[in-house]
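The values are calculated or read from the model by the stated rules, or taken from the named source; none is laboratory data. For clarity, every value in this text was computed on a predicted model and none was experimentally measured. Virtual Cβ from ideal backbone geometry, glycine too; neighbours counted across all protein chains shown.
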Amino acid sequence: MTAGRVAVVQHVAHEGPGVIADALAGAGLEPVVVRLDEGAPLPEVGDLAGLVVLGGPMGVHDDGAYPWLAAERVLLADAVSAGIGVLGICLGAQQLAAALGAGVTAGRAPEVGLGSVVLTAAGRRDPLFGPEYGGLALPDVPCVHWHADTFELPDGAVHLAATRAYPHQAFRVGARAYGLQFHLEVDAGLAAAWSPHLPAGAALDPLRLAEVTATGRRVLGRFAGLVAGEPVGAHR
């Protein structure tokens, strides 16, 4: 394994790593962006300390148009089996759920714009989100939503967060694999890249976005710490 190398798999030009790159670098890790939209090959799990899979407008079932989706699911399953740190965001979370045998379907209606998710009891005790681990002090997590699909929880997954419209917003499998339907990685630069692609009425207010960015730095910093092997309290 290449010590500290974390692949960040990107699917479209405007959905880059944002806060994630800084969080990984701050933990002494090397983020390596893999641009599938530019034809880059997927890495081998044995070369990685961690794997992050970002969002995108395609869906889990669009293998015909995007043949790399199936290979990405294999990579995600292998990464979970290898026990390295794994983070799937939006499409990445749906891909992670599917890779672990869970169903992915269309939601009732798109959920887009600034909002929040509510942590479950398990989420409030989780190493990324729980206050005793240096995470959040409140059960509501500010975030950006941009999705129209949802997923079932994989077998053995811990349910971490929900909204009324999309009850399955976050899950953990084992100690180091996370799926987040929502976005915490959005900083001002990423928001500017997203702006031309967002639906009408979904503008990202800078003041509220700053709350999301600050939260993302804390939560994603905790994930980077898990990848880097920093000790955390026992899961409960």
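Structure data summary
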quantity	calculated
Number of the condition not met by Ala191 [criteria: (1) hydrophobic (A, V, I, L, M, F, W, C); (2) within 25 Å of Ala97 (Cα to Cα); (3) in contact with a helix residue (DSSP H, G or I) (Cβ under 9 Å, 6 or more places away or on another chain)]	(2)
Counted residues, the range 185-234 - those being assigned to a helix (DSSP H, G or I), in contact with a strand residue (DSSP E or B) (Cβ under 7 Å, 6 or more places away or on another chain) and among the charged types (D, E, K, R)	2
Subset of the range 90-103 (residues that are under 16 Å from the mean Cα position of the chain (by Cα) and either farther than 18 Å from Val186 by Cβ or not hydrophobic (A, V, I, L, M, F, W, C) (or both))	Gly92, Gln94, Gln95, Leu96, Ala97, Ala98, Ala99, Leu100
Candidates Leu153, Leu114, Leu128 - the one that is outside any strand (DSSP E or B) and under 27 Å from Leu207 (Cβ atoms)	Leu128
Qualifying residue in the range 75-94 (condition: surrounded by fewer than 24 Cβ atoms within 10 Å (Cβ to Cβ) and part of a strand (DSSP E or B))	no
Selection within the range 123-152 - modelled with pLDDT of 90 or more, of a type in the set (A, V, I, L, M) and buried (at least 19 other Cβ atoms within 10 Å of the Cβ)	Leu128, Val141, Val144
Cβ pairs under 6 Å, 6+ apart, first in the range 47-73 and within 26 Å of Val19 (Cα to Cα), second modelled with pLDDT under 95	Asp47/Thr2; Ala49/Gly4
